[in-house]
Every structure is written in structure tokens, then in C-alpha cells.
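Structure first, commentary second.
The values are calculated or read from the model by the stated rules, or taken from the named source; none is laboratory data. The shown structure was predicted, so the numbers you read here are calculated from the model rather than taken from an experiment. All Cβ positions, glycine included, derive from the backbone under ideal geometry; neighbour counts span all protein chains shown.
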Amino acid sequence: MTRERVIVIDFGGQYNQLVARRVRECNVYCEIYSYKIDIEKIKEMNPKGIILTGGPNSAYQEDSPSYQKELFELGIPVLGICYGAQLMMHKLGGKVITPEVGEYGKTEIHFEQNGVLFKDLPDTAICWMSHFDRILEAAPGFEVVAHTADCPIAATQNVEKNLYTVQFHPEVLHTQNGTQMIYNFVRKICGCEGSWRMDSFVENTIEEIRTKVGDGKVLLALSGGVDSSVLAALLAKAIGPQLTCVFVDHGLLRKNEGDEVESVFGKGGAFDINFVRVNAQKRYYEKLAGVTEPESKRKMIGEEFIRIFEEEAKKIGAVDFLAQGTIYPDVVESGLGGESAVIKSHHNVGGLPEHVDFKEIIEPLRDLFKDEVRKVGLELGLPEYLVFRQPFPGPGLGIRIIGEVTAEKVGIVQDVDFIYRDEVDKAAADYKKEHGCDPAWKPNQYFAALTNMRSVGVMGDERTYDYAVALRAVNTVDFMTAEASEIPFAVLQKAMSRIINEVKGVNRVFYDLTSKPPGTVEFE
Ligand code: XMP
């Protein structure tokens with residue numbers, strides 16, 4: 001493949017994916033590799049640039065993640081960020097120390113006029129610092145091009161060798177003009193043309209799918225989530241009626257979701273494909289009757305999904321390809337790419353079906369980040385409500401109903417959730433209209449759950465004994481940690497009042513203030 005690329009070498013920093021995303025925002029394709037990657041493999045890939053990420057270790061210690069010096073002699077421009085900066089200095093003869101005090105958070109920084117990375121940017125700015133160790137002496141041949149009050153060597157460069165370091169994190173949005181610095185590196189220093197665009201991705205991928213699939217048949221389990229919907233649309237454009245999508249409605253979807261998915265992908269929709277909707281609601285409710293333990297519920301929902309999918313696949317008969325909506329963070333997090341090998345196994349709901357007859361798996365979205373998947377969705381003409389759907393867990397409302405799941409409870413939580421999302425969306429849109437930007441409290445995920453608690457209330461002149469629902473909203477970068485969103489009280493109150501008035505069976509509304517940790521985003 002001759003695709004122009006920059007590689008990110010991951011030393012275990014928390015922002016590794018963010019670095020790659022910023023590079024891609026500069027229209028340059030970028031991949032993340034562990035620091036264990038063989039130098040021969042790097043030479044083979046012949047990247048236009050290399051970025052070394054941050055990491056939690058001390059560069060001068062023997063057993064810390066490292067890289068051989070030859071990396072800096074390949075003639076490929078290298079940018080070291082934080083730990084990557086310290087490592088480069090250490091390897092090339094500079095000195096790194098562990099001082100008495102570290103430097104964390106927003107920090108004022110001053111740039112020298114000749115700093116190539118900071119060309120045409122203001123010479124004073126705010127940057128994001130997060131380091132304990134620092135560089136005491138730059139390596140021979142390097143000049144210092146930035147400093148802060150506590151960090152005299154905040155950036156260095158060796159222009160002749162095209163080697164650059166920054167102690168701060170340009171990939172973090174708190175760093176003013178950070179993306180421009182990354183742009184300066186990848187586009188100006190590395191000379192990348194910037195040909196990574198989603199319209200050409202769509203065009204090229206459609207061609208690739210056609211070549212690979214030929215006149216074969218492809219099967220896709222469509223969940224209605226962003227990734228599988230975009231994949232369905234992409235495959236539909238590429239191979240049309242050779243694609244069969246199986247959509248299992250397990251009765252644990254959000255309000256109207258099943259019909260929305262069917263209206264886009266089913267008969268009369270925008271795509272000429274085979275669409276099978278399996279209405280398995282009753283089957284699920286029967287299966288889930290009496291089951292209260294969260295893990296058992298999750299397992300049962302996942303396994304039943306696979307079973308139904310297999311049954312449908314058998315009806316279709318042998319297919320050549322099974323398509324999967326794997327995206328790049330899945331690849332990185334499963335340890336195939338970068339260093340941070342953390343995956344939540346429960347997120348691979350059920351895994352691969354065993355008895356489906358197919359020859360090969362295809363994963364056309366494997367190289368994309370979520371925001372890129374959304375852009376592809378828009379390119380393909382999918383409706384915005386599908387493309388910008390918030391994350392929704394595989395076990396669906398099953399894990400948002402504490403205790404036993406029943407059809408009645410599903411109905412309640414669907415209605416409550418619908419009202420709540422509607423009010424949050426309206427408030428966020430109003431704010432945006434007035435201020436021209438999203439409110440700081442705009443949550444990344446927000447939904448309602450049904451607690452298993454009933455309590456006494458009074459409505460009109462009647463005593464009630466109904467359910468309490470919990471509203472949840474979180475602000476998060478990666479869903480590994482999260483804070484409860486500071487939704488304005490008036491918005492919550494409006495949602496509460498509508499919920500009590502419009503949804504039968506609910507007489508109490510809670511707002512969940514718990515962060516993650518110690519809580520999780522979902523309730524079960
Ligand atoms: P937790 O509850 O683990 O959620 O803090 C973090 C994010 O993951 C989603 N989530 C799931 N997604 N299958 C999924 O596909 C699951 O079983 C599952 N459990 C949680 C959750 O919605 C949040 O975005």
C-alpha cells in the first residue's frame with residue numbers, strides 16, 4: 001500500500017489515540033504502534049513522519065520503554081511528545097532528571113521566534129503540561145525553542161536532522177494552537193500532502209469491497225448503532241443486493257429505534273439490500289423472566305442474540321463474507337496496535353457466532369476513528385439522528401432496568417428516556433443558538449434507567465405506589481472515567497415534570513451524581 005502515513009509510537013501515554021486523531025484532522029493517515037515495533041517494520045512502512053507519545057516512566061531508567069537510537073537516524077522527521085521528548089534527548093546525549101516538583105495542567109509557555117513547529121503562532125500561549133521528569137540538558141545539536149516558568153526546556157529542535165521535541169501536549173485541546181503545531185509537523189516538516197479525506201475513503205473503500213467480494217454474498221448483523229449502520233450503508237453502496245442485513249429487535253432498544261432502523265434499511269428505504277428484521281421481543285421477555293442478576297442478564301441477552309443471528313444465517317445459507325463493524329479504537333484497545341492493551345470484554349457482546357457458515361470476515365471500517373465513521377455516514381447520506389447516535393450498549397435497556405426485565409418496565413424506561421433526551425437536546429440546542437457553541441455541560445451520553453424501587457407518592461388526590469426512575473448524564477473523553485454532567489437544574493426539573501405527567505407508573509425522578517469511578521456509566 002502506498003498510502004501516505006505518519007506513525008505514532010506508543011509509550012503507554014494516556015493521550016495516544018488523541019495524537020493519532022489530531023494527525024488525521026490534518027488529513028494525514030496515521031497509525032499507532034507499540035514501542036515494541038521492530039525497526040525493520042518501520043523501514044518497510046516508510047512513514048513520512050514519526051511521533052513518540054508520552055508515557056508514565058522515567059526515560060533514563062534501564063527497564064523503561066525505549067527505542068533504539070537508529071530510529072533518529074532514518075532520515076524520517078521525528079516529534080517526541082512528553083516522555084517521547086525525554087526519551088529522544090536521553091538517547092541522543094541529553095540529560096533527563098526527576099526534579100522535586102512536576103508540572104501539571106494549563107501552563108503559560110513562551111516560544112522562540114525560530115521554533116519551526118510554532119511558526120506564525122503567537123509567542124506566548126497556554127499549553128497542557130503533565131510531567132514529572134524533565135529535560136535538564138538538551139542533546140548536542142539541539143536548540144531550545146520554548147520555556148515555561150518551571151520548565152526551561154519545554155521544546156527543542158534539530159532542524160538539520162528534522163528532530164523535534166515538546167514537553168507539553170499539543171494533542172490536548174487545552175493547548176492553544178496545538179493542532180496547528182501538529183499540522184506544522186505533519187504537513188510542513190514531514191511534507192504530507194493531506195490526502196486522507198472521508199470522501200476519497202468512501203470512494204476507495206467501495207472499490208476495494210467490490211474487488212474483494214466479487215459476486216459473493218455478505219452477511220451483516222445490524223444493530224442500529226453508528227458503526228454497523230455506517231457499515232451497512234457502505235456495503236449497500238458497494239454491493240447492493242449481495243448484502244443481507246439481519247437486524248434483531250430484542251425489545252430492549254430505545255423508543256422507536258427498531259422502526260427507525262427499518263425505515264432506513266428496510267423495503268422502501270434508501271438502499272437496495274436484503275433486510276431481515278427479526279422481532280424477537282417476546283422471545284427475549286420470556287427468556288429474561290425472573291432473571292435479576294446483572295451478569296446473567298448480560299450473558300443471556302448476548303447469547304440469545306447470537307443464537308437468533310445463527311438461526312437467520314442458516315435460513316440464508318452459506319455466505320462468503322461476514323462483515324463486522326470493528327473500528328480503529330477496537331483494534332488499538334485489543335492490543336493489536338498500541339501499547340495500552342485494555343479492553344472491556346463485556347463490550348464484545350457475545351463474540352463471533354460459531355455456526356454461521358462463512359469463509360472470511362471483512363472489516364472495512366477497521367482503520368477509522370469514531371468521528372471519521374460519522375463523517376463516512378454523512379457522506380453516504382445516512383440521517384443525522386443515526387450518525388450522531390450516542391453510544392448504546394449491546395444488552396440495551398436490559399442493563400438499564402435494575403432487576404427483572406418485563407415488557408411493562410421496558411415501555412416505562414423507553415418513554416422516560418425519550419422525554420429526558422428530548423429535553424436535554426432542546427436545552428443544548430437553545431444554548432448553542434444563543435452562544436454559538438455547545439454548553440460545557442453537554443453530556444457525551446445521557447439516558448434514563450428504571451430503578452427497581454417503588455415508593456409512595458401523591459398525584460391529584462390519590463396515593464400512588466410507583467417506580468422511581470434515574471436520569472444519568474456523563475461527560476467523558478474515553479468512557480474509562482466520567483463525571484456527572486452539570487445539566488442546569490431547570491432542565492432537569494422540566495424533564496422531571498414531563499416524565500411524571502406523561503409516563504404512567506412513575507412517581508419519582510432521581511438524578512445520578514456519581515462519577516466513574518466509583519460508579520460505572522451503566523447501572524448494571
Ligand atoms: P460502563 O458501564 O462500563 O460503560 O462504565 C462505559 C461505556 O460502555 C458502554 N457499555 C457497553 N457497550 N456492550 C456495549 O456495547 C455492553 O455490554 C456495554 N456496557 C457498557 C456504556 O454505554 C458506556 O458508553
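Quick one: count up the residues across the stretch 175-201 that are touching a Leu at 6+ places or on another chain (Cβ under 7 Å) and surrounded by fewer than 21 Cβ atoms within 10 Å (Cβ to Cβ). Step through it out loud before you land on a result.
To start, the set of residues in the stretch 175-201 that are touching a Leu at 6+ places or on another chain (Cβ under 7 Å) comprises 177, 180-181, 184-185.
With surrounded by fewer than 21 Cβ atoms within 10 Å (Cβ to Cβ) added as a condition, the list becomes 177, 180.
Residues in the stretch 175-201 being touching a Leu at 6+ places or on another chain (Cβ under 7 Å) and surrounded by fewer than 21 Cβ atoms within 10 Å (Cβ to Cβ): 2 in total.
So which of GLU372, GLU379, GLU339 is more than 15 Å from the ligand (Cβ to nearest atom), acidic (Asp, Glu), at pLDDT 95 or above and within 18 Å of the chain's Cα centre (by Cα)?
Checking each option against the conditions leaves just GLU372.
Looking at the stretch 1-17 only, could you name the residues that are buried (at least 19 other Cβ atoms within 10 Å of the Cβ), out of contact with any helix residue (DSSP H, G or I) (no Cβ under 9 Å at 6 or more places or on another chain) and either free of Cβ contacts under 8 Å to residues at least 24 places away in the same chain or farther than 14 Å from ILE76 by Cβ (or both)?
Within the stretch 1-17, TYR15 is the sole residue that qualifies.
Out of THR165, THR156, which single residue is under 14 Å from GLY54 (Cβ atoms) and in contact (Cβ under 8 Å) with a residue 60 or more places away in the chain?
The conditions single out THR165.
Somewhere in the stretch 21-43, is a residue surrounded by fewer than 19 Cβ atoms within 10 Å (Cβ to Cβ), touching a Leu at 6+ places or on another chain (Cβ under 8 Å) and among the aliphatic types (A, V, I, L, M)?
Checking the stretch 21-43: at least one residue is surrounded by fewer than 19 Cβ atoms within 10 Å (Cβ to Cβ), touching a Leu at 6+ places or on another chain (Cβ under 8 Å) and among the aliphatic types (A, V, I, L, M).
Specify the residue that is nearest to GLU408 (Cα to Cα); the eligible residues are those in the stretch 468-524 that are over 30 Å from the mean Cα position of the chain (by Cα) and among the small types (Gly, Ala, Ser).
GLY505
Just to check your reading of the model, which residue among GLY93, GLY54 is crowded, with 21+ Cβ neighbours inside 10 Å and part of a loop (DSSP other than H, G, I, E, B)?
GLY54 is the lone residue from the list that is crowded, with 21+ Cβ neighbours inside 10 Å and part of a loop (DSSP other than H, G, I, E, B).
Among the residues of the stretch 1-24, write down those that are touching a Phe, Trp or Tyr at 6+ places or on another chain (Cβ under 7 Å) and assigned to a helix (DSSP H, G or I).
ARG21, ARG24
Got a number for residues in the stretch 472-520 being buried (at least 20 other Cβ atoms within 10 Å of the Cβ) and within 15 Å of the ligand (Cβ to nearest atom)?
5
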